[in-house]
Each structure stands twice: as structure tokens, then as C-alpha cells.
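One structure is given here, and the rest of the page talks about it.
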Ligand SMILES: Cc1cc2nc3c(=O)[nH]c(=O)nc-3n(C[C@H](O)[C@H](O)[C@H](O)COP(=O)(O)OP(=O)(O)OC[C@H]3O[C@@H](n4cnc5c(N)ncnc54)[C@H](O)[C@@H]3O)c2cc1C
């Protein structure tokens, strides 16, 4: 249908689509409801790779023993997304396709070095998460493709996640950070640039054993936060530095 009856907007949990319709920012008139495609909701492991179906909801992710064991920071992010109603409807694939730089699951996928399995009538292709976004809410996903699943290789090292918003529940992030104290260390942030970002200079500073205060200064120079209705660039920069220090002290060997 995506190939032959375009243009169609896929609907998963609709938690982003309905907001767009309510605010009049989504002009689309024709939709393709994916909700009953249970094949896209499974969570499984093959050859050591954790696969999460794109339609898996946050509630399913929180409840999954495989996710809690292999990628506890994804369960942590899911439990801080919206409230229970949003967690019951919102999907991981929807968070990725929506592409907000504040999407809470996205820094987790960045440090997990996930791959996205994109499916169309023409076949399947795998895109590394780091090359999926091409700009603010833009990606390489074609109109005739669906995100089918997300593949996560085994991660070694302590995982860490923290979201900073106005309050603990039902708040969009001012800054969100995920990190892995691995060799080499991995750090990713949301809400500090047009897309979710890894911060290679900061990662290199930490890997080189530089003092955390120096790595913090590197991070504050590396990100490009903006002033908007949720926060200011200065606050975001300072909080990002605080989070980096927290990550480093809380995961110390
Ligand atoms: C009250 C409220 C609170 C929220 N709180 C948070 C929060 O704390 N953190 C956060 O990150 N987000 C939050 N959100 C945003 C939203 O819930 C998430 O982004 C959610 O993951 C979207 O998933 P969905 O299944 O509802 O997507 P939908 O709304 O169904 O779709 C979103 C977009 O993705 C596309 N799409 C969906 N699935 C696929 C697929 N498999 N393949 C290709 N394209 C697809 C759709 O066409 C659409 O463009 C909140 C939203 C609301 C309304």
C-alpha cells in the first residue's frame, strides 16, 4: 500500500500524529494504521543481537526481561516517557520516525550503536542509527518504507541514562543523556542540537584520561543548544556538563 497508494502516513500509537493533527501542523489526509501488525511488536535475540520490533510500546519495553537485561537504559528511558497512557500507546519506531531531537529513546539507541531495519515492498535494508538522521526531523527513511525493527549489538560496560525536564513525569526533556562506560566510552545527548548527537571530542577526552573538568569544558563547547520555549542554551549547556560529571562519578570502577 505504501508503494502503490502513496502518499500514506503510517500510524503506530498516534501519540505524535494526533498532536500534529490537533495543532494543524500535519497536512496529511490519508493514513495507514499499523497497530494490528503484531509481527512488528516482537522482542527477540538472534546470534547475540537484541531485536526490538518498531511497534513495541514503551510498556512492552519496560516489561521485557530481554531489554532489562541487555539494555536497561532503554527500559529506564521508556519509563520516563509521558505517562502510563502514552507508554501504552507510544512506540519505539514512532519515536525514531518522528525524529524530535528531544526524543528520549534516541540517545540510548545512539550509544547502543543500533541498526535500523527498514522494510519496503522492494526489500529490506539496514541503516546504522548514526547515519539515519540528516537534519532537524529529517532522515533517510523513504515514504514507501517502514521501520520494521531495531537491532542492538551486545554492549560491554556500565550503562547510564538521565533525563532532565521540568518535572519527573509528562515533561519533554530539556536535556537527555545516555552513556556507556566502555572502552572506548560512548556519550550521546538529546535536545542540544538539531538531531540527537554523539559527542566524539568529549568521548576522546574521557578515553584519553583527561580530568573530568576538562572533558566537561570540551562537551560544553561541542554541543549547540538553543534557546526555546522549554529552556535556554546556557541552562542546557550547564546541565549537560553536570550530567557528564554525574555519569563519570556514578560509573567509576
Ligand atoms: C502527552 C505526551 C507526552 C509525551 N512525552 C514524551 C516524552 O516524555 N518523551 C518522548 O520522547 N516523547 C514523548 N511524547 C512523544 C511521543 O509519545 C513519542 O515520540 C512516541 O514514541 C511516538 O510513537 P507513536 O507510536 O505514538 O508514533 P505515531 O504518532 O503513530 O507516529 C509518529 C511518526 O512516526 C511515523 N511512524 C510511526 N511508526 C513508524 C514505523 N514503524 N515506520 C515508519 N514510520 C513510522 C508516523 O508516520 C509519524 O510520522 C509525548 C507525546 C504526548 C502526546
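Every number in this text was worked out from the coordinates using simple rules, so none of it is lab data. Keep in mind that what you see is a predicted model, and the values were worked out from it rather than measured. Note: ideal-geometry Cβ built from the backbone for every residue, glycine included; neighbour counts use all protein chains shown.
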Per the rule of 0.36 nm per residue minus the C-alpha distance, extending residue 68 to residue 21 adds in nm 13.5 nm
GNM of the chain, Cα pairs under 10 angstrom: of 211, 128, 107, the biggest fluctuation goes to 211
Each label sits 7 Å from Cα toward the beta-carbon; between residue 36 and residue 85 the label points are separated, in nm, by 2.5
The alpha-carbon center of region 197-253 and that of region 48-100 are separated, in whole Å, by 25
Among 45, 223, 73, the residue with the largest mean-square fluctuation in a Gaussian network model of the chain built from Cα contacts under 10 Å is 45
Over the chain, the sum of -39500 (n - 2.57) across DSSP H runs of at least four, divided by residue number and rounded to 500 deg cm²/dmol, gives at 222 nm -8500 deg cm²/dmol
In degrees rounded to 10, the 0-90 angle between helix 233-250 Cα long axis and the longest Cα principal axis of the chain is 70
Candidates 21, 66, 118; GNM for the chain (alpha-carbon contacts under 10 Å) flags as most fluctuating 21
The simple spin-label model distance between residue 28 and residue 5, using points 7 Å out along Cα→Cβ, in nm, is 1.4
Output row, site residue 170, 7 Å Cα→C-beta label point, backbone N cut-off 14 Å, window region 78-108, residues 81-87
Rounded to the nearest 10, the angle in degrees between the Cα long axis of helix 212-222 and the longest principal axis of the Cα atoms of the chain comes to 40
Placing each pseudo-label 7 Å from Cα in the direction of the beta carbon, residue 158 and residue 213 end up separated by a distance in nanometres of 2.2
